[in-house]
């Protein structure tokens with residue numbers, strides 16, 4: 001059995017939702033907020049569904065598209081915002097620009113100005129992330145698999161989704177470690193895995209199966 | 001006796017383990033929760049369950065209650081209603097009496113803890129004590145804050161701004177204030193008597 005040159009220390013993270021005290025009643029105010037909100041707020045409103053509900057509809061939904069469709073009833077625009085492929089963006093600034101450009105373009109060609117009903121305004125939020133080490137460390141694939149089956153989904157999210165934003169070229173913490181221990185094919189398979197097409201529990205099971213296959217070699 | 005491990009089948013062992021990791025960060029720190037009633041009402045219900053659970057996580061958490069007379073609680077009821085947007089008659093004398101009771105409690109309470117978590121508007125002015133004793137202060141608002149009566153809001157804001165952070169239950173309650181605002185959504189305790197599954201026979205007996 002291959003031994004890793006170093007231990008894989010499982011971290012986990014917890015997010016505290018921050019209320020920014022800014023709200024939008026209509027598209028113009030949403031656009032203003034999108035331009036000035038901190039990066040963490042853009043990340044929050046595009047990734048919250050995934051983290052909080054652990055499921056995925058056919059397209060990764062985001063708060064902006066949801067609000068425009070369901071509260072302002074601007075279906076066509078809402079569909080365009082909802083269909084932004086958030087995983088395509090490796091920088092939050094580019095993701096933000098994508099939303100801004102679509103709404104700007106829409107406002108230039110639309111004379112409608114709809115206000116959200118009172119109480120259903122868009123509230124800008126963000127999250128403060130606290131990362132901390134768990135007591136779990138793996139030295140080979142067998143240990144890795146066992147730990148993966150019992151860590152929280154927050155830990156899984158940290159090592160796969162958050163890692164993708166920290167790293168480049170589709171890497172995540174798991175694929176980097178597999179690579180270092182010489183499990184190049186496993187690393188490649190994990191790198192090519194599209195995590196957005198799984199629930200978090202589904203992703204856990206998929207990774208366990210993958211690792212189990214290589215662990216038998 | 002409620003046990004933190006009883007929640008493992010519901011939220012997962014990993015999540016319970018994370019609670020212990022989080023609690024470890026508070027090692028050596030003490031937390032005092034302060035509200036206005038020991039029984040009855042949502043805050044008392046939360047704290048009755050939460051304090052024993054925090055202690056099992058080895059967090060030095062405790063709970064104390066402010067004292068007030070009938071006039072004080074009539075005023076706090078009016079403040080509560082005003083925050084819901086209901087027009088309420090709160091005179092300058094009422095606000096002054098509200099402060100007087102808060103100041104009396106500030107003298108009587110043991111506020112030597114590292115963190116002071118003040119729940120709802122009734123004890124909000126205890127924060128005046130901060131200028132003498134320092135400490136970390138958190139204001140947790142459990143009530144609807146979306147359309148408050150402007151005069152009542154203006155009065156309370158003088159005190160909210162002194163806290164380190166405010167905790168609200170819904171995004172719509174956030175305000176443009178100078179301190180950090182965080183969201184703690186409402187939750188239920190799946191193991192409390194109120195939420196436990198009832199046998200079919202019991203349900204039928206009650207319905208009949």
Added length on full extension, which subtracts the Cα-Cα distance from 0.36 nm per residue, residue A:146 to residue A:115 = 6.0 nm
For the stretch B:145-201 and the stretch A:114-185, what is the separation of their Cα centres, given in Å?
-> 29 Å
Considering Cα pairs under 8 angstrom that are at least six residues apart, work out the relative contact order of the stretch B:92-208 and quote it in whole percent.
-> 18 percent
Considering only DSSP beta bridges where both residues belong to the protein assembly as shown, give the percentage that are antiparallel (nearest 5).
-> 40 percent
Degrees, to the nearest 10: B:92-108 long Cα axis against longest axis of chain B = 60 degrees
Any idea how far apart residue B:103 and residue B:73 come out in nm if each label point goes 7 Å out from Cα toward Cβ?
-> 2.4 nm
Taking a ≥ b ≥ c as the square roots of the eigenvalues of the Cα gyration tensor, with a/c under 1.5 meaning rounded and otherwise prolate when a/b exceeds b/c and oblate if not, the stretch B:1-65 is oblate
Relative exposure of B:69, B:164, judged by other C-beta atoms within 10 Å (fewest first) | B:69, B:164
Sorted by Cβ density within 10 Å, fewest first, the residues B:107, B:24, B:180 | B:107, B:24, B:180
If the label point is 7 Å along Cα→Cβ of residue B:60, which residues in the stretch B:16-34 have backbone nitrogen under 19 Å from it?
-> B:20-34
Checked the protein assembly as shown with the C-alpha gyration tensor, a ≥ b ≥ c its square-rooted eigenvalues, rounded below a/c of 1.5, otherwise prolate if a/b is larger than b/c and oblate if not; verdict oblate
Principal-axis tilt of helix A:92-109 within chain A, Cα atoms, nearest 10 degrees = 20 degrees
Per the helix-only calculation at 222 nm, which mean residue ellipticity applies to chain B, given -39500 (n - 2.57) for every DSSP H run of n ≥ 4 and division by its residues, nearest 500 deg cm²/dmol?
-> -12000 deg cm²/dmol
Can you put A:188, B:60, B:120 in order of Cβ neighbours within 10 angstrom, beginning with the fewest?
-> A:188, B:60, B:120
Based on DSSP H runs of at least 4 residues, each adding -39500 (n - 2.57), what is the mean residue ellipticity at 222 nm of chain A after dividing by all its residues, to the nearest 500 deg cm²/dmol?
-> -14500 deg cm²/dmol
Relative contact order (percent, whole number), chain B, Cα cutoff 8 Å, 6+ residue spacing = 17 percent
Which angle from 0 to 90°, rounded to the nearest 10, does the C-alpha axis of helix B:150-160 make with the longest principal axis of chain B?
-> 70 degrees
Length-normalised contact order of chain A, Cα under 8 Å, at least 6 apart, in percent, tallies to 33 percent
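Laboratory data are not the source of any read-out in this text; all were calculated from the coordinates shown. Note that the coordinates shown come from a computational prediction; the quantities given were computed from them, not determined experimentally. Please note: Cβ atoms are built from the backbone with ideal geometry, for glycine as well, and neighbour counts cover all protein chains shown.
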